Amino acid sequence: MSGQDAFWDPIEGAVAPEFRRRPEREPSKLPASFKKLELPLFFLAFPGFILAFLGDSLLPYGIALVTFGMAGGFAINHFTGATEDRLERLWKTGEHLGFRFRPEIPASRLRDIRQKIPELFKLRIGGSIPLNIESEMWGRSESGTPLWLGLGAFSSAAFFGGPKQTTKLANAGAQGNVVMMIAAYKLDRDTGIRIALMPESLGAVGPFDRDLKTESVAFNDTFNIRVTSRADDGDLDQISVNVLQVLTPAFQTTLLELADRFAARVIVDRDTVYFGGFHNLQSLDDTVLQSFVKEIVAAFAAASTSFKRYAE
């Protein structure tokens, strides 16, 4: 691929991102074994905040814990090269998939992405955690569909994801890395609606559970279904037709299969699909993590288009 290759893009329509080679890494100043101290130090700040709010006599101790925890965590991250390691794994994954990789999404562009699909970046209590992306890549799925991927890799702990969104290896500790991903691609038709499928809230029961329902009890229990905009002048019958044309039984079955592995959420915005999710791995071994990131991102890219023909 040349540096001027053009790619489909969900925000700008088409882009020609600059081809960049992975930079040479300088040796880390601390051995990799210190990485296991990063999260515990950050967690130390939480009781510090609590002490700081309990009273004036405890304020100095709270400030000391917060300062030590935050400064220590950032220092471990910096001197072990943990952030650079996570970025390099994503970069190698882009090369492995044959995608054009951008290591950092410009702030203005990230703002546009967040405004386009705000549901994926918001916390829903009892429903879903916000996704966080820092890098992006453009290419094609295995089926040849032009695809955009937004990604982020972060330190994590065992309780980050549910048991079905976490891969735990034998003898692995509680710490690891989580990969957050958003894929986007274009449908061959305009659905006429914008529909958001988010993980169903734990409290979505009774008369206050007002999202749309399908004939599938399992799908209704798994996903909160909202039509957020439409091009039908308020015709309720046409809304129902459009929703059922998108949420076909095959679409629902496929998405249910992906819900557990990625905590899947989907936005169909007229003729564009956004598929978001994450997966967590309990391991700090770089070789294991590199293989994991390649496999999980490749699987996510394939999964993102697996229901394309059903929505069309």
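The values are calculated or read from the model by the stated rules, or taken from the named source; none is laboratory data. Keep in mind that what you see is a predicted model, and the values were worked out from it rather than measured. Every residue, glycine among them, receives a Cβ derived from its backbone with ideal geometry; neighbour counts consider all protein chains shown. The area values use the complete protein model at the heavy-atom level, side chains included, leaving out ligands, DNA and RNA. Shrake-Rupley method; radii C 1.70, N 1.55, O 1.52, S 1.80 Å.
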Does Ala250 count as surrounded by fewer than 17 Cβ atoms within 10 Å (Cβ to Cβ), assigned to a helix (DSSP H, G or I) and modelled with pLDDT of 80 or more?
-> yes
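Residues checked against (1) open to solvent by 20 Å² or more (accessible area, probe 1.4 Å); (2) within 30 Å of Gly150 (Cβ to Cβ); (3) modelled with pLDDT under 75:
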| position | (1), (2), (3) |
| --- | --- |
| Gly55 | yes, no, yes |
| Tyr61 | yes, no, yes |
| Val66 | yes, no, yes |
| Ile76 | no, yes, yes |
| Gly81 | no, yes, yes |
| Leu97 | yes, yes, no |
Among the residues of the range 204-236, write down those that are hydrophobic (A, V, I, L, M, F, W, C), at pLDDT below 70 and surrounded by 11 or more Cβ atoms within 10 Å (Cβ to Cβ).
-> Ala204, Ala231
Taking Asp260, is it open to solvent by 50 Å² or more (accessible area, probe 1.4 Å), out of contact with any helix residue (DSSP H, G or I) (no Cβ under 9 Å at 6 or more places or on another chain) and either among the hydroxyl-bearing types (Ser, Thr, Tyr) or modelled with pLDDT under 90 (or both)?
-> no
Would you mind telling me which numbered condition in (1) open to solvent by 70 Å² or more (accessible area, probe 1.4 Å); (2) under 25 Å from Ala298 (Cβ atoms); (3) touching a residue at least 60 places away in the same chain (Cβ under 8 Å) Glu104 fails?
-> (3)
Exactly one of Pro17, Pro40, Pro47 is under 30 Å from Tyr185 (Cβ atoms) and at pLDDT 70 or above, and that one is Pro17
